[in-house]
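Structure, as structure tokens:
Read the figures in this text as sums done on the coordinates, not as results from a lab. Just so it is clear, the structure is predicted and the values come from calculations on it, not from any experiment. Here the Cβ positions follow ideal geometry from the backbone for every residue, glycine too, while neighbour counts run over all protein chains shown.
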Amino acid sequence: MNVHVALIRAVNVGDAGKLPMAELKALCEGLGFTNVSTFIQSGNVIFRDGGDAADITARLDAALAERLGKPPGVFLRRPDELAAILDANPFASMEPNRVLVSFFAEAVPDDALHGLVAPDGEEVVALGREIFVHYPIGSGRSRLKLPILKAGTSRNINTVARLAELAGAIEGA
């Protein structure tokens, strides 16, 4: 069975999408996923399952929709995909906590950066199913505007690296 990392949008952000990680783990185990673990409180879950990515994503999104009242958005990656994302990081020389990767279900369109407003010196690169953003002043203070980012979910490079490490350990076990 393959190892997967599910990155879930809008979990435990603000007042919406409250979901304790113990409950997320139990929900995933109820779907038949094995070796389930979570990482930090923002909707990252690592597990094994023999299904294909589209089926896994649909099952998890539907179960979360039932629990949360609406589908939050689930973005699945395998450990080797996370490693490739880290290798492709165009901002590898920058502070990792100031580089966010936004994950999407499909390859971002050619016009993904349309509407970009980067008043604080942010740099943005779209590669495959991800968009990398370097926030020189930090994402919390940034006034960056990029409409497509609302459709995905973002994690900083430190989190992506840790998820890749955790998923790789499960895969190697």
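Points to keep in mind about this one:
- The chain, relative contact order in percent, only Cα pairs under 8 angstrom and at least six apart counted: 25
- Dipole magnitude of segment 1-98 about its Cα centre (Cβ charges: Lys, Arg +1; Asp, Glu -1), debye to nearest 20: 220
- Cβ crowding within 10 Å, taken as a proxy for footprinting-reagent exposure, orders ASP49, ASP110, ASP120 from fewest neighbours to most as ASP110, ASP120, ASP49.
- Helix runs (DSSP H) in the chain reaching 18 Å along axis by Cα, Kyte-Doolittle at least 0.5: 157-172
- The gain in end-to-end length when the ALA173 to LEU127 segment is fully stretched comes to 13.5 nm, 0.36 nm per residue minus the alpha carbon separation.
- If you look at the Cα atoms of the chain, you get an Rg and a Dmax of 15.8, 46 Å.
- Residues SER42, SER139, ranked from the fewest to the most other C-beta atoms within 10 Å, line up as SER139, SER42.
- Remark: relative contact order (segment 104-173) = 31 percent; criterion is Cα-Cα distance under 8 angstrom and separation of 6 or more residues.
- Label-point separation in nm, VAL117 to ALA26, each point 7 Å along Cα→Cβ: 4.4
- Here the label points at GLU66 and ASP87, each 7 Å from Cα along the C-beta direction, are separated by 3.9 nm in the simple model.
- Net +/- balance of residues flanking PRO119 in space, Cβ distance below 12 Å, scoring K and R +1, D and E -1: +1
- Anchor LYS145: lysines whose Cα lies under 27 Å away (excluding residues fewer than 8 positions away in-chain): LYS18, LYS70
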